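For reference, the structure discussed in these notes is given below.
Just so you know, all these numbers are worked out from the coordinates, no wet-lab data involved. Since we're looking at a predicted model, the values are computed, not measured. No Cβ is skipped: glycine too gets one built from the backbone with ideal geometry, and neighbour counts run over all protein chains shown.
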Amino acid sequence: MAQSTSAAERAIEELLSHDRQIHALRGEILNARLKRFLLISSYSSAPALLLILFVGNIFTWGRIDLARVNLACIPTFVALLVLCAVVRRSSITSTLYFWGGADLEPQWQAGRAAAKRIDLELALERKRLSAVSIDLPSETRRHIYRETVPVAIDQYRSDGLRYRRIHNFFQSVIIVGSLATSTAASLAETPAPYKWITVGTSFSVGLAAGFTGYFKFRERSFYLQQTADSIEEEYGAVNLKIGRYMGSTDDEAALLEFTERVETLKNDQRKRQQQLDQPTETPEG
């Protein structure tokens, strides 16, 4: 019995080591993506600002004086140049060739994220092979599954919060843009340059309304939060022996029912997600 327990503990430690490696690789992928985005954006921001100012001055030459706008953009341009220099200094292997000739650090290179994604796929495959070779009792697997439920709850809630924030942002754009458009349109003697404000706010309102209606951020947030609350309710009930688990003397049977209930809730959430991903059908004719 002691040997089997020791073997099970070693198997669990092996799976945990795979999990640690997988989490580390995911962190490296995110870090590589962020650094690559920072590198590209810092190199392109200053030229993009100059291009925007150049095009704006060309199209408004002789009609609108953009001198104040040009002066206001000078500190921004200087800040972007400083940011570009700082990022350049952090990303190169040697400061002897600051403006050219130096190689980028590995974590700043273009193929870093792709290479780490391959390592992640290999790590996931090694974990699957290790899990197949480990012969753990079903009861032990269910206990392990129960301890992973809080992580799933947090994931559902964080995703729901993200969708709710996106929905609230677009709703704020719609509300503020609608009021601004109505106010600007009601002014009879609106100067011609400021009429572009009405055009811009109207376009922003339409764009926000289109994104909200197509991607259904509010519905996604609601269903994710509902699933998280339902799973948390089951998790608390099985631990406290209340609700459907009240009076149950067989812990293994209660744990089996709990596992089935949680999987059912997850499957229902996946089905709702698939329904939301389907395009809205419009009647023909």
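Points to keep in mind about this one:
- Rough spin-label spacing in nm, given labels placed 7 Å along Cα→Cβ, for F215 and R63: 3.3
- Ranking N70, I118, V86 by Cα position along the charge dipole of segment 9-135, where only Lys, Arg, Asp and Glu carry charges on their C-beta atoms, puts N70 farthest toward the positive end.
- When exposed loop sites are taken as chymotrypsin sites (Phe, Trp or Tyr not before Pro) in a DSSP loop with at most 16 other Cβ atoms within 10 Å, the longest stretch of the chain clear of them is 100-193.
- Those trypsin sites (Lys or Arg not before Pro) in segment 28-93 that DSSP places in a loop and that have at most 16 other beta carbons within 10 Å: R63
- Dipole magnitude for the chain: about 1240 debye, using +1 per Lys or Arg Cβ and -1 per Asp or Glu Cβ, origin at the Cα centre.
- Hits among lysines - C-alpha to C-alpha of K35 under 24 Å, sequence gap 8 or more where chains match: K116
- Calculated P(r) of segment 9-135 - Cα pairs past 25 Å, %: 53
- Dipole of the chain [Lys/Arg +1, Asp/Glu -1 at C-beta], most positive-end residue of W108, F54, I153: F54
- Anisotropy class of segment 136-285 from Cα gyration tensor, a/c 1.5 cut: prolate
- Amide H within-cut-off set for E105, under 5 Å, with H built and near neighbours excluded: I92, T93
- Here segment 136-285 is assigned +1 on the Cβ of each Lys and Arg and -1 on the Cβ of each Asp and Glu. Its dipole about the Cα centre then comes out at about 560 debye.
- Among [x] 28.1, 91; [y] 20.8, 66; [z] 18.6, 58, the entry that matches Rg and Dmax of the Cα atoms in Å as calculated here: [x]
- Given charges at beta-carbon only (K, R positive; D, E negative), |dipole| of segment 9-135 in Debye: 480
- Hydrophobic, long helices, defined as DSSP H runs whose alpha-carbon span along the helix axis is 15 Å or greater and whose mean Kyte-Doolittle value is at least 1.6, do not occur in the chain.
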